[in-house]
Amino acid sequence: MKRRIFLAIPVPPAVKKRLGPSVSDLKNKLSDWRINWVAPKNLHITLVFFGWVKAEQVKTIRAESSAAISGSLPFEVATGELSLEGRPLWLEIEQGQDEIKSLAENLSNKLTQKGSLEEERGFHSHLTLGRVKKKGKSKLPKAKAKFSWKVNRLVLYESRFVRKQRIYEEVFSFPLK
């Protein structure tokens, strides 16, 4: 059996709650656009997307990921401007970008060496809010609010499709010490 997994920085519930009104405002301003919005409960900053892996590989990925982030310390993250890059609509990461990039590179290097990861896409830290299906005539607004939180853990998630909804289920949490 295969599982679709990824490693990410979770967005804390309090930040998700504060993001809600901003996303609602954005939906209103872009009402003539067709966008698949990310459910608030699914908000995260992806570090490594593994895709479909065999169930038995998850244990290895967990161990390798844990080793790759050992010694990583908690840090602050803050969002910045709203950006559109192709289909994804996201908030840029303003503070914590260096730490996130370092984590992503350490993970990628460790996992590539061990054969758990073959992806060679470039990395750009961001918080995806939605995926644009079709642009409308209204212009992309400026982000009014900034959101910040302390990153003190990473999460290995499994992505599943349940009742026509994408569900991200926590498989394992890696504390930053």
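The values are calculated or read from the model by the stated rules, or taken from the named source; none is laboratory data. Keep in mind that this is a model prediction, so the values were computed, not measured. Neighbour counts are summed over all protein chains in view; Cβ atoms, including those assigned to glycine, are modelled from backbone coordinates with ideal geometry.
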- Task: Could you tell me whether any residue of segment 143-165 is out of contact with any Leu (no Cβ under 9 Å at 6 or more places or on another chain), within 22 Å of G20 (Cα to Cα) and without any contact (Cβ under 8 Å) to a residue 24 or more places away in the chain?
- Result: yes
- Message: For the condition in contact with an Asp or Glu (Cβ under 9 Å, 6 or more places away or on another chain), of a type in the set (F, W, Y) and either surrounded by fewer than 16 Cβ atoms within 10 Å (Cβ to Cβ) or modelled with pLDDT of 95 or more (or both), what is the one hit in Y157, Y168?
- Response: Y157
- Would you be able to tell me the number of residues in segment 131-167 that are touching a helix residue (DSSP H, G or I) at 6+ places or on another chain (Cβ under 9 Å), in a strand (DSSP E or B) and basic (K, R)? 1
- Query: Are any residues in segment 68-113 in a loop (DSSP other than H, G, I, E, B), among the small types (G, A, S) and on the phi < 0 side of the Ramachandran plot, and if so, which ones?
  - Reply: S70, S72
- Does P40 satisfy being touching a Lys or Arg at 6+ places or on another chain (Cβ under 9 Å) and either among the small types (G, A, S) or surrounded by 17 or more Cβ atoms within 10 Å (Cβ to Cβ) (or both)? no
- Is there a residue being assigned to a helix (DSSP H, G or I) and of a type in the set (D, E) anywhere in segment 40-62? no
- Note on the structure: All conditions in (1) surrounded by fewer than 16 Cβ atoms within 10 Å (Cβ to Cβ); (2) part of a loop (DSSP other than H, G, I, E, B); (3) at pLDDT below 95 are true of L117 except (1)
- Item | Cβ pairs under 8 Å, 6+ apart, first in segment 34-51 and more than 19 Å from I93 (Cβ to Cβ), second polar (S, T, N, Q) and surrounded by 15 or more Cβ atoms within 10 Å (Cβ to Cβ) | F50/S116
- Message: Among the residues of segment 26-39, what is the count of those that are in a strand (DSSP E or B) and under 20 Å from the mean Cα position of the chain (by Cα)?
- Response: 3
- Item | Residues (surrounded by fewer than 16 Cβ atoms within 10 Å (Cβ to Cβ), hydrophobic (A, V, I, L, M, F, W, C) and in contact with a Phe, Trp or Tyr (Cβ under 7 Å, 6 or more places away or on another chain)) located in segment 46-77 | F49
- Of the residues I45, I69, I35, which single one is β-branched (V, I, T) and touching a Gly at 6+ places or on another chain (Cβ under 8 Å)? I35
- Message: Can you say whether E170 is assigned to a strand (DSSP E or B), closer than 24 Å to S102 by Cβ and touching a strand residue (DSSP E or B) at 6+ places or on another chain (Cβ under 6 Å), as far as the supplied structure shows?
- Response: yes
- Of all the residues that make up segment 1-58, how many are among the basic types (K, R) and under 17 Å from R87 (Cα atoms)? 2
- What pairs come up if the first residue lies in segment 1-18 and is surrounded by 15 or more Cβ atoms within 10 Å (Cβ to Cβ), the second is assigned to a helix (DSSP H, G or I) and hydroxyl-bearing (S, T, Y), and their beta carbons are under 9 Å apart, counting only those six or more places apart or on different chains? L7/S65
